[in-house]
């Protein structure tokens with residue numbers, strides 16, 4: 001089956017070329033040899049490309065359409081040339097010529113009107129196929145029913161099947177209708193190509209661009225085909241690049257960078273025009289001033305001006321062409337400078353990140369761009385996510401703070417470098433956004449802690465100290481009444497003294513909840529030592545203390561955090577560790593307080609080293625206390641036991 005298909009394809013292509021060669025082989029064909037050569041060239045090109053596409057991609061609509069159009073064009077040329085070989089054109093010869101004009105016209109429409117509708121995937125837009133079929137049918141019928149053949153070389157020959165009398169207007173209307181419908185088909189084809197370019201991937205965009213560049217000349221020449229100004233060789237030559245463009249677009253797996261071709265073409269066409277204008281302006285202007293345009297030195301002076309102007313004119317035109325073909329991202333320095341200014345002026349981080357993703361999608365023509373922080377939380381996104389996602393890390397101050405995800409077309413090397421440079425600047429914004437978020441979270445925790453402390457104080461005062469004071473007041477009233485009546489009050493005074501002692505103890509408990517009194521009375525390290533004896537020693541565990549012997553002046557917040565962390569760590573040793581011994585060690589440097597609590601118990605969760613977050617309410621509380629003043633708590637599992645390490649900054653330092 002494959003052999004039959006290959007043979008049939010080659011036969012059709014050869015037949016198209018052979019038929020196109022018929023008119024040049026006979027001197028009586030009645031046409032200029034240059035016209036014949038141009039037509040043979042374009043028919044052969046369409047036939048060859050159509051055959052190659054059919055062999056490489058069997059069944060593709062574009063390949064078969066090109067073969068059909070080339071064959072119809074070639075057969076039509078051969079049929080039209082047949083009556084021209086005779087000195088006397090009889091009715092049969094005229095009928096052959098009429099058939100030739102109809103077949104040739106149908107071939108033209110297949111290549112000029114139908115081909116753009118189905119390129120590059122072979123599927124025409126909705127209803128476009130019916131419109132194209134109507135166009136071909138109207139032209140064929142109009143050619144067959146015209147009173148005289150639609151061919152200048154058959155002028156004066158009557159069409160045997162043409163309409164006579166008032167019916168000739170029907171043939172004219174068919175020809176005009178074919179022209180109108182052809183114009184509509186071309187408009188639909190241009191619209192479809194624009195839509196394919198906008199919605200297609202990188203490969204489809206380049207295919208459409210290659211075809212559009214080649215098809216531009218036939219499209220511009222189409223309205224003038226029926227006029228005397230357009231010779232047959234003109235129409236043939238402007239169509240010759242179209243099959244070449246189709247071959248490149250459909251048979252190249254990785255297409256050439258068409259934007260570079262367009263860029264260079266725009267630059268050097270503009271350069272040539274500008275230099276020619278400068279030369280003409282110098283020669284004409286200076287010549288007019290001197291009233292002598294034949295001065296021998298004038299062309300040399302103009303050439304010198306052109307030579308001096310060449311470099312600046314070329315650079316200016318190149319920048320303009322870059323901006324035209326690549327957009328504002330053709331100037332990386334300008335993009336980076338503009339991005340830097342926007343970052344410097346930014347007051348709203350999320351809005352800035354969203355504008356940057358919009359700019360990346362529009363400037364680099366990407367499908368989707370998304371910025372995420374280090375936890376994977378989306379910060380900003382633009383476009384629609386594609387199937388293949390690329391990841392660019394975002395860094396700030398030597399650490400990764402997030403990622404930039406993008407999908408879409410394949411970036412060129414310079415575009416990839418520019419995206420990396422922009423990502424490095426965006427990393428600072430993401431880092432700042434993270435800091436703002438951490439600050440907001442810290443503020444929320446601070447407010448929550450303050451409200452919790454207020455509720456605790458209110459509860460302690462309302463439920464503890466308040467009733468106690470009220471009870472003492474009742475007892476004072478009772479004693480006062482007993483004294484007035486002369487009765488004994490010794491028992492009541494004993495109860496009053498006991499109540500006062502309990503109230504004082506309650507006040508001390510509330511005060512200790514705000515700030516342990518031992519810190520003010522004994523200092524941090526002595527207070528921690530007493531806390532160790534109270535908790536660990538009372539539980540029957542061995543306690544080892546390695547604490548400074550002096551009492552340095554520490555910030556009040558540092559003392560409270562260190563005391564509370566030590567209290568929580570020692571409580572965990574007694575309650576959960578299953579240890580036999582415990583060690584508490586501390587050191588104070590110029591800028592850091594270090595406190596370590598270790599035991600020989602069963603450890604935490606068996607991991608070698610991990611942060612304390614997520615280990616429990618108590619350990620999370622220790623970490624939050626340290627975070628509030630810029631410190632950190634680490635919980636590590638030792639070979640036997642657990643180590644809680646606290647590090648707190650001291651700011652301006654300490655004094656002994």
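Could you compute the FRET efficiency for residue 482 and residue 448, with r as their C-beta to C-beta distance and R0 at 30 Å, rounded to 0.05?
Result of the calculation: an efficiency of 0.05.
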Please work out whether region 55-188 counts as rounded, prolate or oblate from its C-alpha gyration tensor, where a ≥ b ≥ c are the square roots of the eigenvalues and a/c under 1.5 means rounded, while otherwise a/b larger than b/c means prolate and anything else oblate?
-> oblate
Can you put 629, 39 in order, fewest other beta carbons within 10 Å first?
-> 629, 39
Starting from the Cα of residue 591, step 7 Å along the direction of its Cβ; do the same at residue 629; then give the gap between the two resulting points in nm.
-> 1.8
Most exposed first by the Cβ proxy, i.e. fewest other Cβ within 10 Å, how do 598, 399 rank?
-> 399, 598
Kindly put 533, 576, 431 in sequence by how many other C-beta atoms sit within 10 Å of each C-beta, fewest to most.
-> 533, 576, 431
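Readers should treat all values here as calculations from the given coordinates under stated rules, not as data from a laboratory. Please read all numbers here as calculations on a predicted model, not as lab measurements. Quick reminder, even Gly has a Cβ in these numbers, built from the backbone with ideal geometry, and neighbours come from all protein chains shown.
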